[in-house]
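This report concerns only the one structure given below.
The values are calculated or read from the model by the stated rules, or taken from the named source; none is laboratory data. Please read all numbers here as calculations on a predicted model, not as lab measurements. Ideal geometry is used to build each Cβ from the backbone, glycine not excepted, and the neighbour counts take in all protein chains shown.
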């Protein structure tokens, strides 16, 4: 008889009011923390670059294990073969300038100047297009990426004033128009353990599989990952001994990541990191 009443009591206890929506979930139901799919302290390849790319400032995936690279001062695109480990071709697109980023999209090459000007041309073509993006005054940019979902080039601001500070602009390839895509604020950066004064992006790339934005900072030696909605997903400091002056970042279609670094008195180099799902 006692067992019968005990069973009834347990049944009634289980029929009590359900949990409210604002109740905290149990530990087991929390989303797992973000896990970086790369081992930043263990690159799978280290490509030493020739003197032409001592001041490498940007790179993008080309095709067939080849990368396109630019350096700060000369309007020359270098084709670097990752299997052969050297430059296999180069082609010029003008004179001199301060070139900070490069992206290969739809069979065309886009090169970014620090003042926001964009050069556009097909590899080895003599027809060179130049577009002034008309970014706010006193805005210096360094990173160039491409988001296939929006079909826009991403332009990361290194130094800006007012509304352009810590912003990422985008250039619509269809309408040839510039938009302000996102902007991080000091509160977000501090919460992620980043000194806002050292947040000066030098490279930006969109992950081909997850769609996340990977932002590289040379001054603060850090890799930052955000969503399109300006939410910081992940942040990790970079070892200055391994990343002397990280300036460029790009991905292969399979997710492998490449980060280039200027020589800083030595040879420039590119590190490859295998994508680990």
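Quick notes on this one:
- Here residue 212 meets each of (1) modelled with pLDDT under 95; (2) out of contact with any helix residue (DSSP H, G or I) (no Cβ under 9 Å at 6 or more places or on another chain) with one exception, condition (1).
- Candidates 219, 205, 230, filtered to the one that is under 19 Å from residue 153 (Cβ atoms) and either assigned to a loop (DSSP other than H, G, I, E, B) or more than 13 Å from the chain's Cα centre (by Cα) (or both): 230
- For segment 264-273, taking the residues that are part of a loop (DSSP other than H, G, I, E, B) and touching a strand residue (DSSP E or B) at 6+ places or on another chain (Cβ under 8 Å), the one that is farthest from residue 166 (Cα to Cα) is identified as 267.
- Hey, residue 109 at pLDDT 95 or above, surrounded by 22 or more Cβ atoms within 10 Å (Cβ to Cβ) and in contact with a helix residue (DSSP H, G or I) (Cβ under 9 Å, 6 or more places away or on another chain) or not: no
- Condition check for residue 168: buried (at least 18 other Cβ atoms within 10 Å of the Cβ), more than 16 Å from the chain's Cα centre (by Cα) and closer than 19 Å to residue 151 by Cα: no
- Residues in segment 193-202 that are within 23 Å of residue 261 (Cβ to Cβ) and outside any strand (DSSP E or B): 193, 194, 195, 197, 198, 199, 200.
- Segment 135-149, residues that are in contact with a helix residue (DSSP H, G or I) (Cβ under 8 Å, 6 or more places away or on another chain) and crowded, with 18+ Cβ neighbours inside 10 Å: 135, 139
- Condition broken by residue 93, with the remaining ones in (1) surrounded by 21 or more Cβ atoms within 10 Å (Cβ to Cβ); (2) under 21 Å from the mean Cα position of the chain (by Cα) satisfied: (2)
- Of all residues in segment 6-63 being in a helix (DSSP H, G or I) and at pLDDT 50 or above, the one that is nearest to residue 248 (Cα to Cα): 53
- For segment 238-253, the tally of residues that are over 27 Å from residue 182 (Cβ atoms) and either out of contact with any strand residue (DSSP E or B) (no Cβ under 8 Å at 6 or more places or on another chain) or touching a residue at least 40 places away in the same chain (Cβ under 8 Å) (or both) stands at 4.
Every residue, every condition in (1) surrounded by fewer than 20 Cβ atoms within 10 Å (Cβ to Cβ); (2) in contact (Cβ under 8 Å) with a residue 60 or more places away in the chain; (3) more than 27 Å from residue 117 (Cβ to Cβ), yes or no:
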{"site": "177", "(1), (2), (3)": "yes, no, no"}
{"site": "182", "(1), (2), (3)": "yes, no, no"}
{"site": "189", "(1), (2), (3)": "no, no, yes"}
{"site": "196", "(1), (2), (3)": "yes, no, yes"}
{"site": "205", "(1), (2), (3)": "no, yes, no"}
{"site": "212", "(1), (2), (3)": "yes, no, yes"}
{"site": "216", "(1), (2), (3)": "no, yes, no"}
{"site": "219", "(1), (2), (3)": "yes, no, no"}
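- For segment 150-165, a tally of residues being crowded, with 17+ Cβ neighbours inside 10 Å and either under 18 Å from residue 232 (Cα atoms) or at pLDDT below 95 (or both) returns 8.
- Residue 183 meets the stated requirement of being more than 23 Å from residue 67 (Cα to Cα) and within 18 Å of the chain's Cα centre (by Cα).
- Criterion violated by residue 235 - all others in (1) outside any strand (DSSP E or B); (2) within 17 Å of residue 143 (Cβ to Cβ); (3) touching a residue at least 24 places away in the same chain (Cβ under 8 Å) satisfied: (1)
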